[in-house]
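Working notes for the structure below.
The values are calculated or read from the model by the stated rules, or taken from the named source; none is laboratory data. As the structure is a prediction and not an experimental result, all values here were calculated from the model. Using ideal geometry, Cβ is built from the backbone for each residue, glycine included, and neighbour counts are taken over all protein chains shown.
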Amino acid sequence: MRSLRGQTAIVGIAQTPYYKRGTSPDSEMKLALRAIVAACEDAGIDPRDVDGFVSYGSENNTAQKLLPGLGTRELRFGALAWTHGGGIPAAVGVAAAAIQAGQADVVAVYRALAEGSNQRLRVAVTQNDTPAQFLVNGIDMVLQRSAMRTRRMIEVDGVPPETLEALAKVSYHHAQNNPGAVAHGRMLTSEAYHASRMISEPYHLYDCSRENDGAAAIILVSAERARDLKQTPAYVLSVPMGASHDGGSREDNHEPYSSVGMIGLARRMWAESGYGPKDVDVAQIYENFTGMAVQSIIDHGFCTAAEAGDFIRFDNLIAPSGALPINTSGGNLADGFIHGMGMMVEVVRQIRGTSTNQVPGAKLSMMAGGPGDSMTSTGLFGSAETL
Amino acid sequence: MSSIQRIRGGIGADEDYWLAIERGELRISRCAHCRKWMWPANVRCGDCGSWEIDWERIEPVGTVYTWTRNHAVSEVLAERQADLPYVTLLVELPQAGGARVAGVLEGNEEHLRIGARVRGRFAGPEERSKGYATIVWHIEEDA
């Protein structure tokens with residue numbers, strides 16, 4: 001069977017500081033360049049040798065714009081994965097496929113956001129990709145639609161609402177060990193969570209992700225080349241993208257309704273990688289909203305809706321001791337949000353052993369892309385031992 | 001047809017839905033060949049391959065499939081700021097094969113719950129609905 005399994009590896013990672021949205025001292029373009037150059041330095045690769053560029057969502061800093069500043073010797077490949085946070089592992093997959101097919105040798109996967117150079121992410125996303133029936137009825141692209149889906153998950157599927165709080169508290173807990181996290185030094189208590197204002201029921205303020213200025217990048221090369229570079233390679237095991245027959249752009253008429261689109265992707269990922277949910281050492285679960293991440297965990301098969309109350313508990317999700325430590329840098333909620341790309345960097349840190357919330361001996365490191373996107377993606381990455 | 005700017009972002013085949021609402025009718029698209037209900041509307045039936053689409057009129061009655069009470073809106077929904085908090089719904093339409101349409105709830109919220117029976121009222125174009133005529137839903141008294 002043709003497969004991307006183990007053919008490529010992430011050998012360089014970097015992110016700029018997270019700035020409060022609208023306060024970056026640098027333009028979005030400069031942020032993108034800083035992240036890519038720093039990721040090259042991390043990898044020990046000359047930035048001029050990056051010949052492929054992949055991003056996702058509404059990334060504006062295209063390969064052709066980056067070329068002059070990087071001094072690219074020859075631009076050979078550029079692509080954008082469709083959809084929003086759902087496109088992150090997919091972008092890695094596009095990069096891996098390009099390398100495996102001989103179309104590029106060194107590919108940067110990156111995302112940069114700066115409100116001063118662009119517009120607010122949620123505005124950019126909502127205005128360009130929201131069907132009329134939502135906008136005319138007071139519903140935006142993500143928030144209210146996610147809240148409605150989470151209500152059904154709670155009331156019909158029977159997932160306890162305490163799982164949302166657990167997700168939020170896990171992210172804030174991990175952020176306390178991460179000096180770069182936006183919420184570093186600010187612990188989230190149950191009292192503060194419940195006292196926070198409602199945004200869209202059942203979501204409190206603390207159920208919602210942030211928006212920050214910043215950029216993050218990773219560098220991908222062939223597995224063969226990775227072995228000669230200075231960093232511990234994080235091998236790409238499986239990065240499926242897509243949607244099921246009953247998914248895609250159906251304006252919340254997809255089935256099953258509670259699902260965030262990960263059921264088929266997870267099945268493909270476990271099949272291609274040869275691993276299953278019980279094998280995963282650590283996972284970054286993209287949370288635009290806590291309830292959507294809860295469903296992402298269920299979609300991936302880590303637990304069923306009936307088991308969610310037992311599985312999705314604070315103690316079970318924290319590093320180093322939980323059965324499935326998640327969002328170990330603080331996630332989109334508490335580390336910071338550059339459209340989720342920071343999570344991809346954390347996936348690699350865990351395999352290298354350099355996370356601020358390291359899971360001891362982590363070998364299999366997962367990232368779930370944006371839950372609920374009409375097309376999304378997920379990914380499993382591993383150390384050399386997992387190949 | 002009103003001269004308002006139509007919103008992009010969906011499949012782009014729902015113009016007849018909005019035109020019907022302007023006339024005070026709820027119409028949902030249905031494949032003319034295999035009779036499959038299609039919502040959101042499409043230009044082709046992915047099941048049987050037919051390009052012929054009917055728009056069938058149904059009563060504006062349904063049940064609350066799910067809902068949220070909104071306490072904040074982004075800049076994109078600035079026209080709704082003064083309405084906060086307000087409730088939005090996904091309404092399941094039994095006469096259209098269980099198709100789910102989005103809407104705003106008006107009136108008494110006492111019996112608001114998943115499964116509550118709702119009936120639609122045709123509302124003319126407003127700023128808050130971005131110039132579109134809409135169906136606004138209320139909970140049936142005997143729910």
- Given the conditions (1) in a loop (DSSP other than H, G, I, E, B); (2) farther than 17 Å from A:VAL142 by Cβ, every one holds for A:SER374 apart from (2)
- Item | Qualifying positions in the stretch A:303-318 - of a type outside the set (A, V, I, L, M), under 22 Å from the mean Cα position of the chain (by Cα) and in a helix (DSSP H, G or I) | A:PHE311, A:PHE314, A:ASN316
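Does the stretch B:21-37 hold any residues that are within 13 Å of the chain's Cα centre (by Cα) and either within 17 Å of B:PRO94 (Cα to Cα) or surrounded by fewer than 19 Cβ atoms within 10 Å (Cβ to Cβ) (or both), and which are they?
B:GLU22, B:GLY24, B:GLU25, B:LEU26, B:ARG27, B:ILE28, B:SER29, listed by residue number.
To keep it simple, each residue is scored yes or no on (1) among the basic types (Lys, Arg); (2) surrounded by fewer than 17 Cβ atoms within 10 Å (Cβ to Cβ); (3) within 30 Å of A:GLY382 (Cβ to Cβ); (4) over 18 Å from the mean Cα position of the chain (by Cα).
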site: A:CYS40; (1), (2), (3), (4): no, no, yes, yes
site: A:GLY44; (1), (2), (3), (4): no, yes, yes, yes
site: A:SER55; (1), (2), (3), (4): no, no, yes, no
site: A:ASN60; (1), (2), (3), (4): no, yes, no, yes
site: A:LYS65; (1), (2), (3), (4): yes, yes, no, yes
site: A:ILE88; (1), (2), (3), (4): no, no, yes, no
site: A:GLY93; (1), (2), (3), (4): no, no, yes, no
site: A:ALA108; (1), (2), (3), (4): no, no, yes, no
- Note on the structure: Going through the stretch A:258-286 in order, the residues found to be among the small types (Gly, Ala, Ser) and part of a loop (DSSP other than H, G, I, E, B) are A:SER258, A:SER259, A:GLY261, A:GLY274, A:GLY276
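For the stretch A:209-257, which positions are assigned to a strand (DSSP E or B), small (Gly, Ala, Ser) and farther than 25 Å from A:LEU121 by Cα?
A:SER222, A:ALA234, A:SER238
Listed residues B:ASP47, B:ASP16; which is more than 9 Å from chain A (Cβ to nearest Cβ) and within 17 Å of A:GLU251 (Cβ to Cβ)?
Numbers: B:ASP47 fails: within 17 Å of A:GLU251 (Cβ to Cβ).
That would be B:ASP16, the only listed residue that is more than 9 Å from chain A (Cβ to nearest Cβ) and within 17 Å of A:GLU251 (Cβ to Cβ).
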- Item | Any strands (runs of 3 or more DSSP E) falling wholly within the stretch B:70-141 and containing at least 3 residues that are facing chain A (nearest Cβ under 10 Å) and touching a strand residue (DSSP E or B) at 6+ places or on another chain (Cβ under 8 Å) | B:86-93, B:99-105, B:134-139
- Message: Here's a check for you: in the stretch A:227-270, which residue that is out of contact with any helix residue (DSSP H, G or I) (no Cβ under 7 Å at 6 or more places or on another chain) and among the aliphatic types (A, V, I, L, M) is surrounded by the fewest Cβ atoms within 10 Å (Cβ to Cβ)?
- Response: A:ALA243
- Query: Can we say A:GLN103 is part of a helix (DSSP H, G or I) and either crowded, with 19+ Cβ neighbours inside 10 Å or at pLDDT 95 or above (or both)?
  - Reply: no
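List the helices (runs of 4 or more DSSP H) that sit entirely inside the stretch A:108-205 and contain at least 1 residues that are of a type in the set (Ser, Thr, Tyr) and touching a helix residue (DSSP H, G or I) at 6+ places or on another chain (Cβ under 8 Å).
A:121-129, A:143-155, A:162-175, A:190-195
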- For A:GLY331, all conditions in the list (1) at positive phi; (2) surrounded by fewer than 24 Cβ atoms within 10 Å (Cβ to Cβ); (3) not hydroxyl-bearing (Ser, Thr, Tyr) hold save one; what is the number of the exception? (2)
- Item | Residue selected from the stretch A:132-156 under the condition facing another protein chain (nearest Cβ under 7 Å) and of a type in the set (Gly, Ala, Ser), by the criterion farthest from B:LEU105 (Cα to Cα) | A:ALA132
- Please state which of the following conditions B:HIS33 fails to meet, knowing it meets all the rest: (1) within 13 Å of another protein chain (Cβ to nearest Cβ); (2) farther than 15 Å from A:GLU251 by Cβ. (1)
- Query: Quick check: anything in the stretch A:331-351 farther than 19 Å from A:SER209 by Cα and not hydrophobic (A, V, I, L, M, F, W, C)?
  - Reply: yes
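Yes/no matrix, rows are residues, columns are (1) in contact with a helix residue (DSSP H, G or I) (Cβ under 8 Å, 6 or more places away or on another chain); (2) small (Gly, Ala, Ser):
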position	(1), (2)
A:GLU272	no, no
A:VAL280	no, no
A:TYR286	yes, no
A:GLY291	yes, yes
A:ILE312	yes, no
A:LEU317	yes, no
A:PRO320	no, no
A:LEU333	yes, no
A:VAL347	no, no
- Go through the stretch B:23-69 and count every residue that is hydroxyl-bearing (Ser, Thr, Tyr) and part of a loop (DSSP other than H, G, I, E, B). 1
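Scanning for something acidic (Asp, Glu), surrounded by fewer than 17 Cβ atoms within 10 Å (Cβ to Cβ), at pLDDT below 95 and farther than 16 Å from A:ARG152 by Cα, does the stretch B:75-97 turn up at least one residue?
Filtering the stretch B:75-97 down to residues acidic (Asp, Glu) leaves B:75, B:79, B:83, B:92.
Next, only the ones that are surrounded by fewer than 17 Cβ atoms within 10 Å (Cβ to Cβ) stay: B:75, B:83.
Then drop every residue that is not at pLDDT below 95, which leaves B:75.
So of that shortlist, the ones also farther than 16 Å from A:ARG152 by Cα come out as B:75.
Scanning the stretch B:75-97 turns up at least one residue that is acidic (Asp, Glu), surrounded by fewer than 17 Cβ atoms within 10 Å (Cβ to Cβ), at pLDDT below 95 and farther than 16 Å from A:ARG152 by Cα.
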